[in-house]
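Enquirer: Please see the structure below; I have some questions.
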Amino acid sequence: MKNIKIAIGSDHGGYEYKESIIEYLKAHDVAYVDEGTYSKEACDYPVIARNVAEKIIFGEADRGILICGTGIGMSIAANKINGIRAAHCTDTFSARASRAHNNSNILCLGQRITGECIALEIVEEWLNTEFEAGRHKRRVDMLE
Ligand code: RB5
């Protein structure tokens with residue numbers, strides 16, 4: 001597994017997957033910072049998305065993982081922040097392409113949408129795929 005630091009966060013709708021993904025990160029010796037939420041009590045996904053995004057923007061983490069009920073709220077919120085390229089993925093092909101072609105720096109997942117085993121495979125694919133740069137770099141640079 002790559003030597004990277006992950007900022008991870010969820011709202012109440014993604015709390016259980018956050019805990020599962022943290023277990024995965026621990027098992028694979030991936031450094032992480034847990035930006036909450038820390039219980040199933042209802043909270044606001046834009047706050048968590050911003051906290052995770054800022055860890056990346058300020059260089060305190062390399063990439064981030066955000067989970068909510070659908071993955072949609074988190075991706076909308078994270079993509080409001082300059083420099084964030086959040087990819088909402090429900091399959092491993094998209095996860096791989098989001099890294100290789102779009103240099104995604106946040107992966108968003110929906111706990112109410114994607115089965116847990118698939119979600120963990122998506123995480124693994126996303127963590128292990130590098131940006132291909134080349135012709136894709138010009139396009140990603142245009143986003144900024
Ligand atoms: C919370 O009920 C739910 O709205 C949230 O987790 C997320 O799916 C929003 O996009």
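Enquirer: For Ala53, indicate whether it is open to solvent by less than 60 Å² (accessible area, probe 1.4 Å), within 16 Å of the ligand (Cβ to nearest atom), assigned to a helix (DSSP H, G or I) and not β-branched (Val, Ile, Thr).
Expert: Numbers: open to solvent by less than 60 Å² (accessible area, probe 1.4 Å): yes; within 16 Å of the ligand (Cβ to nearest atom): yes; assigned to a helix (DSSP H, G or I): yes; not β-branched (Val, Ile, Thr): yes.
Yes; evaluated as a whole, the condition is true for this residue.
Enquirer: Which residues, taken from segment 87-144, are under 17 Å from Ile8 (Cβ atoms), within 16 Å of the ligand (Cβ to nearest atom) and assigned to a loop (DSSP other than H, G, I, E, B)?
Expert: Cys89, Gln111, Thr114
Enquirer: Step by step: first the residues of segment 56-83, then only those that are under 16 Å from Val33 (Cβ atoms) and of a type in the set (Val, Ile, Thr), then the one that is nearest to the ligand (Cβ to nearest atom). Which residue is that? Let's see the steps before the verdict.
Expert: So the first thing to find is which residues in segment 56-83 are under 16 Å from Val33 (Cβ atoms), and the list is 56-67, 78.
Now restrict to residues that are of a type in the set (Val, Ile, Thr): 56-57, 65, 67.
On the way: Ile56: 20, Ile57: 22, Ile65: 15, Ile67: 8 Å.
Among those that are under 16 Å from Val33 (Cβ atoms) and of a type in the set (Val, Ile, Thr), it is Ile67.
Enquirer: Also, quick follow-up: Based on what the data block shows, is Ile48 in a strand (DSSP E or B), within 15 Å of the ligand (Cβ to nearest atom), buried (at least 23 other Cβ atoms within 10 Å of the Cβ) and not hydroxyl-bearing (Ser, Thr, Tyr)?
Expert: So Ile48 does not fit the description; no.
Enquirer: Quick check on segment 61-86: of everything there that is part of a strand (DSSP E or B) and buried (at least 24 other Cβ atoms within 10 Å of the Cβ), which residue is nearest to the chain's Cα centre (by Cα)?
Expert: Within segment 61-86, the subset part of a strand (DSSP E or B) is 63-68, 86.
Cutting the leftovers down to buried (at least 24 other Cβ atoms within 10 Å of the Cβ) gives us 64-68, 86.
Values: Gly64: 4, Ile65: 2, Leu66: 5, Ile67: 7, Cys68: 11, Ala86: 7 Å.
Among those that are part of a strand (DSSP E or B) and buried (at least 24 other Cβ atoms within 10 Å of the Cβ), it is Ile65.
The values are calculated or read from the model by the stated rules, or taken from the named source; none is laboratory data. It should be emphasised that the depicted structure is a prediction, and the values quoted were computed from it without experimental measurement. All Cβ positions, even for glycine, are placed from backbone atoms using ideal geometry, and neighbour counts span all protein chains on display. Note: accessible area is taken over every heavy atom of the protein model, side chains too, but ligands, DNA and RNA are not part of it. Shrake-Rupley method; radii C 1.70, N 1.55, O 1.52, S 1.80 Å.
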